[in-house]
Ligand SMILES: [Zn+2]
Ligand SMILES: [Zn+2]
């Protein structure tokens, strides 16, 4: 069987990819030279779902220990989710957690997107809910917000007894065509409507948990002056503004990109020095945005889902200064994605009609929404100065897919490096044009960005963590909403919302004997 020694883009054209089982995906598990991924020279096809699939690069990165304190001048970027939907065992849906140290004042932290499965990784990384109160949604697809339900509902039962803030785009403004018996209409498809409906949908859940305290005494709600966000309207629903179930959307005018100074600021906190701006990207329907975080001379961009477009390029140029980390999505070639989806390694393994239908569907998804591998390389070739580190995300990583993608990128930026050591000692210098570093994101990959170096690490976590330490939860609490005034239940009245008439008591009231131990044993 032919081994692909040093794949050129020509070797990876659709025609070659599909010309027969000899070029099946198993054969594409390349020894991508310089990729840091020593692939196997296998002739065995590896369809999606094959249990032997690995992402060797991530497995071999230097390790990171959760709760390692931030250094004062560190921007830390953790991929709590990194995949293309649906979630995989190895990759939750998207979420990027950005933390900054105290070089400019207080530390600060932000969640960008929170798709299905990411709560598992926040928990494994020991991030308490009190540090998960600022969520920036790039767009309102489920794979970017599914776990909002969990974060909102569960936070006040732990240590976020303070409001939840959700940034995201305002309504798209698209007029929906007449459909069935519904006339043409303008839906409110913006972030505030999402939050209003989420708040209402979780009424039973939030009331039920309100036998516990849900707010702190004397809590100062962040103000628009303190965070300089652009939406005055405050929380949805009828919750007190400082309550843990107060859900505060901050809608962004997704058309803005800083053409007029300050017209695209989502958040600026003088106390921590963090500024977050937004810019429009092209994804599926009008309204998707990318974000840029600037702090202490460091900067990162997270495009989220988008087709290749000029705003990401211009934002990454950053007025000639460049950005330190450029996180941008990438999608597999449509035919590879189709084969992976169908669990095949050659189109001939399914009926022609199935292949054609699935392939056309994948092409339509790409064209409405996503950035092909070569287009990602082209974008990088247009960004001057190049980012210190480019990260491809929202990508189904494995040794074969990343090797394939690296070759596509190198067609446009031949000198780019994918360094398996995870240590970028660049002295803070942006690379020469056409060179620089790239990586692919996997879950629990940690980027530690410093003024003079970037460390790419793999967090080592327990699969059996309990909830993060909720220390702040037990100080300065207000009485719960459902309170019986009983001093023996200072943390809430567990009986207020239940009918105990059929409960089996620990001690039989008639005989005085124990049915079971009241202490849980
Ligand atoms: Zn999307
Ligand atoms: Zn997505």
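The values are calculated or read from the model by the stated rules, or taken from the named source; none is laboratory data. Everything numeric in this text was worked out from a predicted model, so none of it was measured. As a convention, Cβ positions derive from the backbone with ideal geometry for all residues, glycine included, and neighbour counts pool all protein chains shown.
Quick notes on this structure:
- For the stretch 423-439, the set of residues classified as touching a residue at least 60 places away in the same chain (Cβ under 8 Å) and buried (at least 24 other Cβ atoms within 10 Å of the Cβ) consists of 439 only.
- Qualifying residues in the stretch 139-149 (those that are out of contact with any strand residue (DSSP E or B) (no Cβ under 7 Å at 6 or more places or on another chain) and part of a loop (DSSP other than H, G, I, E, B)) - the one farthest from ligand 2 (Cβ to nearest atom): 147
- Residue match in the stretch 273-283 (condition: assigned to a loop (DSSP other than H, G, I, E, B) and in contact with a helix residue (DSSP H, G or I) (Cβ under 7 Å, 6 or more places away or on another chain)): yes
- Between 413, 446, 461, the distinction of being over 15 Å from residue 326 (Cβ atoms) and in contact with a helix residue (DSSP H, G or I) (Cβ under 7 Å, 6 or more places away or on another chain) belongs to 461 only.
- For residue 153, the requirement of being assigned to a strand (DSSP E or B) and either more than 15 Å from ligand 1 (Cβ to nearest atom) or surrounded by fewer than 23 Cβ atoms within 10 Å (Cβ to Cβ) (or both) is not met.
- Wholly within the stretch 62-138, strands (runs of 3 or more DSSP E) carrying at least 2 residues that are touching a residue at least 40 places away in the same chain (Cβ under 8 Å) and farther than 28 Å from residue 194 by Cα: 75-81
- Taking the conditions (1) within 16 Å of ligand 1 (Cβ to nearest atom); (2) in contact (Cβ under 8 Å) with a residue 60 or more places away in the chain in turn, residue 280 satisfies each one other than (2).
- Candidates 396, 411, 417 - the one that is touching a strand residue (DSSP E or B) at 6+ places or on another chain (Cβ under 8 Å) and either modelled with pLDDT of 95 or more or within 26 Å of residue 290 (Cα to Cα) (or both): 417
- Within the stretch 322-359, considering residues that are assigned to a loop (DSSP other than H, G, I, E, B), in contact (Cβ under 8 Å) with a residue 60 or more places away in the chain and over 17 Å from residue 377 (Cβ atoms), the one farthest from ligand 1 (Cβ to nearest atom): 346
- Boolean, residue 314 is out of contact with any strand residue (DSSP E or B) (no Cβ under 6 Å at 6 or more places or on another chain), outside any loop (DSSP other than H, G, I, E, B) and either within 16 Å of ligand 1 (Cβ to nearest atom) or farther than 30 Å from residue 187 by Cα (or both): yes
- Condition check for residue 157 on (1) within 16 Å of ligand 2 (Cβ to nearest atom); (2) at pLDDT below 95: one failure, at (1).
- Hey, residue 180 over 15 Å from the mean Cα position of the chain (by Cα) and either more than 30 Å from residue 207 (Cβ to Cβ) or surrounded by 19 or more Cβ atoms within 10 Å (Cβ to Cβ) (or both) or not: yes
- Per-region count, the stretch 352-379, residues more than 13 Å from residue 332 (Cβ to Cβ) and buried (at least 23 other Cβ atoms within 10 Å of the Cβ): 2
- Count - residues of the stretch 462-486 that are under 14 Å from residue 211 (Cα atoms) and either surrounded by fewer than 12 Cβ atoms within 10 Å (Cβ to Cβ) or in contact (Cβ under 8 Å) with a residue 60 or more places away in the chain (or both): 8
- Long-range neighbours under 6 Å by Cβ, at least six apart or interchain, first residue touching a residue at least 40 places away in the same chain (Cβ under 8 Å) and over 16 Å from residue 257 (Cβ atoms) within the stretch 294-308, second assigned to a strand (DSSP E or B) and within 11 Å of ligand 1 (Cβ to nearest atom): 305/329
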